[in-house]
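One structure is given below, encoded as structure tokens.
The values are calculated or read from the model by the stated rules, or taken from the named source; none is laboratory data. The shown structure was predicted, so the numbers you read here are calculated from the model rather than taken from an experiment. Ideal geometry is used to build each Cβ from the backbone, glycine not excepted, and the neighbour counts take in all protein chains shown.
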Amino acid sequence: MHKHSALLVIDVQPDFCPGGPLAVPGGTDIIPLINQLAKKFETVVLTQDWHPASHISFAANHPGRTPFEMLSLPYGEQVLWPTHCVMATEGAALHPDLDIPHAALTLRKGSHQNVDSYSAFLEADRTTKTGLDGYLRSRGIEHVYLCGLATDFCVAWSAEDASHFGFAATIIEDACRAIDMNGSLTQTWERLSVAGVTRLNSKDV
Ligand code: VGL
Ligand code: ZN
């Protein structure tokens, strides 16, 4: 792979895999493929969704609310999720089957109590940066490839922001799995194509 390309492996964590509280169907099936893909990239960044137990995105922190309802917050509409990826718990660890020893950076996101962060670049307030844009830029990266969980949330938001920050962005479609809540996957692909994000099959990487 070109030295100006990086692979972002988004949120491959037990809590998003079958058996976890926010299981993405087929979540573990993509891990062998991701391990193989990563061998093609010199620069690999892993991300972890990483929330305090008191996080604003958890339905459990809003009495009377249930998971998958929407809540209006100062920064916009927030999906209320089952409690997931609580910092330093086993479910928030990198999945033990990930085998990417050369990954140079693990980036944690979503640790501010009052703001969610699907994106690996920008929190949901759309102003607080994680610093990933600067990290990639200072390493000469121009093209970001994305894989992981979940296609229609953290992968999509990260891809859209990568494009927004001036990187070419490509989602490796068969190396992702979606939550697909109320048609969110179809809407997401439409939004991504407007943002200039491209999609590719792993065999074509
Ligand atoms: C994610 C919902 C809540 C994701 C993270 O990784 O796609 N989805 N937090
Ligand atoms: Zn989360």
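So which residues in the stretch 47-71 are acidic (Asp, Glu) and out of contact with any His (no Cβ under 8 Å at 6 or more places or on another chain), if there are any at all? Walk me through it before giving the result.
To start, the set of residues in the stretch 47-71 that are acidic (Asp, Glu) comprises 49, 69.
Of everything in the stretch 47-71, just one residue is acidic (Asp, Glu) and out of contact with any His (no Cβ under 8 Å at 6 or more places or on another chain), namely Glu69.
Going through the stretch 109-147 one residue at a time, which ones are part of a strand (DSSP E or B) and either without any contact (Cβ under 8 Å) to a residue 24 or more places away in the chain or more than 13 Å from ligand 2 (Cβ to nearest atom) (or both)?
Residues satisfying the conditions are Leu122, Lys129, His143, Val144, Tyr145, Leu146, Cys147.
From the set of residues in the stretch 47-72 that are of a type in the set (D, E, K, R) and more than 10 Å from ligand 1 (Cβ to nearest atom), which is farthest from the chain's Cα centre (by Cα)? Can you show your working first?
If we filter the stretch 47-72 for residues that are of a type in the set (D, E, K, R), which is where we start, we get 49, 65, 69.
Now narrow it down to the ones that are more than 10 Å from ligand 1 (Cβ to nearest atom): 65, 69.
Numbers: Arg65: 25, Glu69: 21 Å.
Only one residue tops the list, namely Arg65.
Within the stretch 141-150, take every residue that is in contact with a Phe, Trp or Tyr (Cβ under 9 Å, 6 or more places away or on another chain) and within 13 Å of ligand 1 (Cβ to nearest atom) and give me the one that is nearest to Phe68 (Cα to Cα). If you could, list the steps in order and put the result at the bottom.
First, pick out the residues of the stretch 141-150 that are in contact with a Phe, Trp or Tyr (Cβ under 9 Å, 6 or more places away or on another chain): 141-145, 148-150.
Imposing the further condition that a residue be within 13 Å of ligand 1 (Cβ to nearest atom) reduces the set to 148-150.
Values: Gly148: 21, Leu149: 17, Ala150: 15 Å.
The qualifying residue nearest to Phe68 (Cα to Cα) is Ala150.
Out of the stretch 98-107, which residues are touching a strand residue (DSSP E or B) at 6+ places or on another chain (Cβ under 6 Å) and either within 12 Å of ligand 1 (Cβ to nearest atom) or assigned to a loop (DSSP other than H, G, I, E, B) (or both)? Talk me through it step by step, then tell me what you get.
Just the residues of the stretch 98-107 that are touching a strand residue (DSSP E or B) at 6+ places or on another chain (Cβ under 6 Å), to begin with: 100, 103, 105-107.
Ile100, Ala103 - these are the residues of the stretch 98-107 that are touching a strand residue (DSSP E or B) at 6+ places or on another chain (Cβ under 6 Å) and either within 12 Å of ligand 1 (Cβ to nearest atom) or assigned to a loop (DSSP other than H, G, I, E, B) (or both).
Given the conditions (1) closer than 21 Å to Phe121 by Cβ; (2) free of Cβ contacts under 8 Å to residues at least 24 places away in the same chain, report the number of the one that Lys39 does not fulfil.
Single failed check for Lys39: (1).
Can you find a residue that is of a type in the set (A, V, I, L, M), within 17 Å of Ala124 (Cα to Cα) and modelled with pLDDT of 95 or more anywhere in the stretch 76-88?
Residues of the stretch 76-88 that are of a type in the set (A, V, I, L, M), as a first pass: 79-80, 86-88.
Those left that are additionally within 17 Å of Ala124 (Cα to Cα): 79-80.
Those left that are additionally modelled with pLDDT of 95 or more: 79-80.
Yes, there is a match, as at least one residue in the stretch 76-88 is of a type in the set (A, V, I, L, M), within 17 Å of Ala124 (Cα to Cα) and modelled with pLDDT of 95 or more.
I need every pair where a residue in the stretch 52-69 that is touching a residue at least 12 places away in the same chain (Cβ under 8 Å) has its Cβ under 6 Å from the Cβ of a residue that is exposed (fewer than 15 other Cβ atoms within 10 Å of the Cβ) and of a type in the set (Val, Ile, Thr), sequence separation at least 6 or different chains.
Correct list of pairs: Ala59/Thr66.
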